[in-house]
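K.L.:
This is the structure I have questions about; it appears just below.
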Amino acid sequence: MIPRYLRSFNTEALDSLEPDVVVAGSGVAGLSAALHLSRFCDVLLLTKSDLQVCSTRHAQGGIAAVMDEHDSKEAHVRDTFVAGAGLCDPAATAVLVDEGPDRVRELLDVYHADFDMVDGRLDLAKEGGHSARRVVHARGDATGSEVENALGRALRQHPRVKVIEHAFVVDALLADGECRGVLMVDTRRNAMMTVRSRATVLASGGMGEVYLVTTNPPVCTGDGLAIALRAGARVADVEFVQFHPTALHIPEEPKFLVSEALRGEGAHLVDLEGNRIMEGVHPLLELAPRDIVVARMVEVMKETGRNHLFLDVGHLDTEQLVLRFPTIFEHCLAAGIDFRRKRIPVSPAAHYMSGGVVTDLDGATDVPGLFACGEVACTGVHGANRLASNSLLEGLVFAHRIARSLEGSIGLEKRPAPVRASYSQRATGPRVSSALLRGNLREIMLDSVGMVRCERGLREAREFLEENVDVLNTEYLGVEGMELKNLYTVACLITTAADLRHESRGCHRRRDYPEVDDWSWKNHTDMKLTGGRIVAAKRPQPSRTAAALRI
């Protein structure tokens, strides 16, 4: 059973903060939400580490948006639908594509993001799954860093935003069925406190750390997903974990991402003998949707008995590539790989969860007062497989919509009464150390619930989780222990959803059910916590209406 709270507490014995809105997370979604909200209310932004330690900073590719007269919003919608393998929500996708260009212009005109330009126009790149050049980028392969810097500069100058770094959000606090704030720990002072707020925004990022090999920074332990679940919110489609095809294959953690834009400029994905592996597999070759590329890579690696493949740029103007991708070049060079002379060793790594906490078009969850945006949310735009560079766009668009939906109500509402709650947990203790259990959990998730799944592997994962369920009843006071409990919870969610879906679709691939089954499985996998147990149900996929294609 999954307990309601992560650790023991009594609100009456804790100090309290009282912003209008609390935002958990400092990636593009969290920073954007805080900035938009600060125009009409006081905001407290909590970030687990330093302000700019997040997945956004690692995002190399860019932001996909229709910014060129030769492109169209209808084409962007279609590309998103194709990548999403039949499960993209039409209304959410239309919102994403329609409002995306305004959010990019806002980054340029309001926050002064320094995007790459050519002759006074945005230098647009093409990435996997896109039918046109529509990816905005900065310094070639440092888009995430530039967006973080631009939003961070604005946030630090804003008087209505207070930031607490090294603040671990433990759980959402509810009263009368509504979210009234959060329980948090200031890890630098080792002090727990409550945060009372009229609205709570989860923008806590992803869960890549649940896998042994990931491109995500170590802070991505699925905290927001676990918090929302324990608070009573629905989560959906968590079986669709996207593995990025081209992580640099060297011993480092997290894995360095070799941007898809490199393939967009013509890099070939090849085996040890130099044979292109995507020929005859998909008309877009190396620029096929990521799930298709990863599936082919897994197949070739299994056939050849190797654990990696290569990116070959030898046929291109490598000196120009050095200028276009300076971050990639320098990182590879530091690892002894000069891609002007050697092929780049690459292998897939856990990268992004297409599902998450279910929200409406304004970021609201099933729990009144609790909102979510960014990777932690399931808006429906990604379906079964995220289209490249739609993630930063989603964070920008839906953070803005959350703020817009709250404007006019936050300042008028009467401040809610203090939340009085307490919880006491027995300390049974796991049979192994938390560090060892975390490593074992990540390993079995990669081996059994990773890129390709089957009943036998999923059964092994279920047995492992059942054998170590005592971890949920252990009183951990430190962040590492609380992260472990969140990782365990997320692993249970992914394993449950993957075990339930008897087909292969998008990022979810099963050897024992290799085909797409639209008749039985063109639906979403919703999960909630009922009596401490995960209960799953199917939810029909909305029809693709004509309106969704006529932006």
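K.L.:
Can you give the three extents of the C-alpha atoms in region 92-169 along their principal axes, from longest to shortest, in whole Å?
P.N.:
Principal-axis extents of region 92-169 (Cα, largest first): 42, 32, 21 Å.
K.L.:
Can you give the net charge of the other residues whose Cβ lies under 10 Å from the Cβ of ARG160, counting K and R as +1 and D and E as -1? Intermediate results must be reported in sequence, preceding the final value.
P.N.:
Details: positive: ARG39, LYS162; negative: ASP20, ASP42.
After counting each charged neighbour, the total is 0.
K.L.:
Once the other residues with Cβ under 11 Å from the Cβ of SER405 are scored (Lys, Arg +1; Asp, Glu -1), what is the net sum?
P.N.:
Net charge in that neighbourhood comes out at -1.
K.L.:
Let me spell out the model: positive unit charges on the Cβ of Lys and Arg, negative unit charges on the Cβ of Asp and Glu, origin at the Cα centre of region 67-214. What dipole size does that give, in debye rounded to 20? It would help to have the intermediate numbers written out before the result.
P.N.:
On the way: 18 positive and 25 negative charges, 150 e Å.
Computed about the Cα centre, the dipole is about 720 debye.
K.L.:
Send over the Kirkwood Rh of region 247-343, from the inverse of the averaged 1/r over different Cα pairs, rounded to one decimal Å.
P.N.:
14.0
K.L.:
Quick check on region 314-421: what are the equivalent-ellipsoid semi-axes from the Cα gyration tensor, as sqrt(5λ), descending, whole Å? Don't jump to the answer; show the numbers that get you there.
P.N.:
On the way: eigenvalues 387, 45, 40 Å².
After scaling each eigenvalue by five and taking roots: 44, 15, 14 Å.
K.L.:
Below 8 Å, C-alpha to C-alpha, sequence gap of six or more: please give me the relative contact order for the chain in percent.
P.N.:
Numbers: 1276 pairs, mean separation 128.5, N = 551.
That works out to 23 percent.
K.L.:
State which entries of LYS48/LYS255; LYS255/LYS302; LYS48/LYS485; LYS302/LYS538; LYS73/LYS126; LYS48/LYS162 exceed 23 angstrom in Cα-Cα distance in the structure shown.
P.N.:
Going by Cα-Cα distance, LYS302/LYS538 fall outside the 23 Å limit.
K.L.:
Net charge near SER448: determine it from the other residues with C-beta under 11 Å of the C-beta of SER448, scoring Lys and Arg +1 and Asp and Glu -1.
P.N.:
The answer is -2.
K.L.:
Given [x] 1.10; [y] 0.92; [z] 0.99, which label gives Cα Rg over 2.2 N^0.38 Å as computed from the coordinates?
P.N.:
Working out Cα Rg over 2.2 N^0.38 Å from the coordinates points to [y].
K.L.:
Here's another thing I want to ask about it. Divide the volume of the convex hull of the Cα atoms of region 424-523 by its number of residues and quote the answer in cubic angstrom per residue. Could you put the intermediate results ahead of the total?
P.N.:
On the way: hull volume 10.6 nm³, N = 100.
Spread over its residues, the Cα hull of region 424-523 gives 106 Å³ apiece.
K.L.:
Among DSSP beta bridges lying fully in the chain, give the percent that are antiparallel, nearest 5. Present the calculation step by step, with values, prior to reporting the outcome.
P.N.:
On the way: 49 of 71 bridges.
So the antiparallel bridges in the chain amount to around 70 percent.
K.L.:
Let me ask another. For the chain, give the percent of accessible area contributed by carbon and sulfur heavy atoms, probe 1.4 Å, rounded to a whole number.
P.N.:
Carbon and sulfur together cover 49 percent of it.
K.L.:
Further, regarding this structure: Please work out whether region 185-298 counts as rounded, prolate or oblate from its C-alpha gyration tensor, where a ≥ b ≥ c are the square roots of the eigenvalues and a/c under 1.5 means rounded, while otherwise a/b larger than b/c means prolate and anything else oblate?
P.N.:
prolate
K.L.:
Hey, what's the Cα Rg ratio for region 14-152 versus the globular rule of thumb, 2.2 N^0.38 Å?
P.N.:
Compactness ratio reported: 1.16.
K.L.:
Placing +1 on the Cβ of each Lys and Arg and -1 on the Cβ of each Asp and Glu in the chain, which of GLY383, THR496, LEU262 has its Cα farthest towards the positive end of the resulting dipole?
P.N.:
Projecting each Cα onto the dipole axis, the largest value belongs to THR496.
The values are calculated or read from the model by the stated rules, or taken from the named source; none is laboratory data. The shown structure was predicted, so the numbers you read here are calculated from the model rather than taken from an experiment. No Cβ is skipped: glycine too gets one built from the backbone with ideal geometry, and neighbour counts run over all protein chains shown. Accessible surface is based on the protein model in full, side chains and every heavy atom, while ligands, DNA and RNA are left aside. Shrake-Rupley method; radii C 1.70, N 1.55, O 1.52, S 1.80 Å.
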